[in-house]
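For reference, the structure discussed in these notes is given below.
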Amino acid sequence: MSRLSRALQLTDIDDFITPSQICIKPVEIDKARSKTGAKIKIKGDSCFEESESGKQKLNKVEITLQDCLACSGCITSAEGVLITQQSQEELLRVLQENSKKKATEDWDNVRTIVFSVATQPLLSLAHRYQIGVEDAARHLAGYFRSLGGNYVLSTKVADDIALLECRQEFVERYRENENLTMLSSSCPGWVCYAEKTHGNFILPYVSTTRSPQQIMGVLVKHILAEKLNIPASRIYHVTVMPCYDKKLEASRDDFFSKTNNSRDVDCVITSVEVEQLLGEAQRTLSQFDPLDLDWPWSNVRPDLMVWAHEKTLSGGYAEHVFKFAAKQIFNEVPTNELEFKQLKNRDFREIILKKNGNTVLKFAIANGFRNIQNMVQKLKRGKVSNYHFVEVMACPSGCINGGAQIRPTTGQHVRELTRKLEELYHNLPLSEPENSLTKHIYKDFLDGFQTEKSYELLHTSYHDVVSELSISLNINW
């Protein structure tokens, strides 16, 4: 099989579970040509079908992301998977094709290229090229513009909205059943694992709030398209993420809009892939002219474009939802910075709110599949139901240590690198999600907060994956 991308490799973290099946898609045989059936013989890297009518070479089968999502084998993105729409090669092809259409004045088919950049890749790039985080954002904007991008956006507004939706969802669930655990859903590796491994048991616990990447897709393909007065299908939306599994997430059928005839996110590239693109051009990030990130959402432009969301390195879900629930449900306002107590390891922490001597809120952060598997098994045995909310991330240390973040080029240990990135993150200004822009978006584009339209566009559903493919893999040829 061809590679997903030149960048994709299994990294030194425990966010990958050994496949339960070989990653292979059986070749279909036309049995109508032979009464006695046919046999497949493998010679080198080629397969041949032998029947009464002779021997014929079989075409190699391309494995797509949809095949991966339907298979019960690999949990996260596997190295040998061919995903033609999710690579830097495809991005460059689209950019070159767009440039040719502009040169020939084929304006009806020219696409508007939009880049949306998450915070964690900016930290990774800033550390790699030894520049400030805000400087990394501005130089990256200059680089993407030089490639042919029309807009380069920060995902801040989507991060804010994701927190607003998640916290409201938690409060509603808690009031309906205060004993029910809610699990976060912004990590696609975790969601894929939940769907394929535990299915209908675990899915009712998982938050329905879309991840910031997919909320950004909604903002770009619905709101920005409307502001630009162009069809969403004419926008090519690229996100820059710290995680290969975001490619899986963007390819889900749930995030294809039949109304717009378009995916919310067309292509995902990662921190490593940006580094490779720069390396191939024999340039460093700081060699590109710094440009401001675009801000098409309102006339009031913020002074800064890169923000942190609480202190938990993966969007701040546990901390933000805890603060909101404490105030909303119990009228308790934490006066100091929240301190999560470390349990068995640094990637499993908890925080408790007590009222009149009783525990009324108990939250946890579970990073890395080792902790996730332990948590799920305890949940099945009824031993973890006392957690009201768990922020779940597949990578140890969370998104800041995503599998597609740039790895050390020297002998630096990955933990030391993570510590450096944490320092950069903690020095960023904190965003307050409930701001004038999010209020404006809800009011003018989503028919208000907690409306039918906002729920349809900002929430999703998950599926118990029953794969006929994985059954067929057991066939003995």
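Here are some notes:
- In region 144-154, the condition of being crowded, with 23+ Cβ neighbours inside 10 Å, touching a helix residue (DSSP H, G or I) at 6+ places or on another chain (Cβ under 6 Å), over 30 Å from Leu361 (Cα atoms) and of a type outside the set (Ser, Thr, Tyr) is met by at least one residue.
- Of all residues in region 316-332 being of a type in the set (Phe, Trp, Tyr) and in contact (Cβ under 8 Å) with a residue 60 or more places away in the chain, the one that is most open to solvent (accessible area, probe 1.4 Å): Phe324
- Of all the residues in region 94-106, those that are farther than 17 Å from Val265 by Cβ, out of contact with any helix residue (DSSP H, G or I) (no Cβ under 8 Å at 6 or more places or on another chain) and assigned to a helix (DSSP H, G or I) number 7.
- Of all residues in region 425-458 being open to solvent by 20 Å² or more (accessible area, probe 1.4 Å) and among the polar types (S, T, N, Q), the one that is farthest from Met216 (Cα to Cα): Asn427
- Among (1) open to solvent by 10 Å² or more (accessible area, probe 1.4 Å); (2) in contact (Cβ under 8 Å) with a residue 40 or more places away in the chain; (3) closer than 30 Å to Ser286 by Cβ, the one test that Leu140 misses: (1)
- Of the helices (runs of 4 or more DSSP H) entirely within region 213-291, those holding at least 3 residues that are in contact (Cβ under 8 Å) with a residue 24 or more places away in the chain and touching a strand residue (DSSP E or B) at 6+ places or on another chain (Cβ under 7 Å) occupy 245-250.
- For Asn177, the conditions (1) surrounded by fewer than 20 Cβ atoms within 10 Å (Cβ to Cβ); (2) within 15 Å of Ser314 (Cα to Cα); (3) not charged (D, E, K, R) all hold with the exception of (2).
- Single residue of Arg283, Arg301 found to be touching a helix residue (DSSP H, G or I) at 6+ places or on another chain (Cβ under 9 Å) and open to solvent by 40 Å² or more (accessible area, probe 1.4 Å): Arg283
- Odd one out for Ser184, checked against (1) within 17 Å of Pro242 (Cα to Cα); (2) open to solvent by less than 10 Å² (accessible area, probe 1.4 Å): (1)
- Total residues in region 192-217, condition open to solvent by less than 10 Å² (accessible area, probe 1.4 Å), within 25 Å of Val465 (Cα to Cα) and either modelled with pLDDT of 95 or more or β-branched (Val, Ile, Thr) (or both): 9
- Qualifying positions in region 115-130 - over 13 Å from Ile269 (Cβ atoms) and either among the acidic types (Asp, Glu) or surrounded by 14 or more Cβ atoms within 10 Å (Cβ to Cβ) (or both): Thr119, Gln120, Leu122, Leu123, Ala126, His127, Arg128, Tyr129
- Residue selection: Val306 fails the criterion of being modelled with pLDDT under 90 and more than 20 Å from Val390 (Cβ to Cβ).
- Check on Arg301, assigned to a loop (DSSP other than H, G, I, E, B), closer than 25 Å to Asp159 by Cβ, basic (Lys, Arg) and free of Cβ contacts under 8 Å to residues at least 40 places away in the same chain: yes
The values are calculated or read from the model by the stated rules, or taken from the named source; none is laboratory data. Worth saying up front: this structure is predicted, and the values here are computed from it rather than measured. Every residue, glycine as well, gets a Cβ built from its backbone with ideal geometry; the counts of neighbours run over all protein chains shown. What goes into the accessible areas is simple: the full protein's heavy atoms, side chains included, and nothing from ligands, DNA or RNA. Shrake-Rupley method; radii C 1.70, N 1.55, O 1.52, S 1.80 Å.
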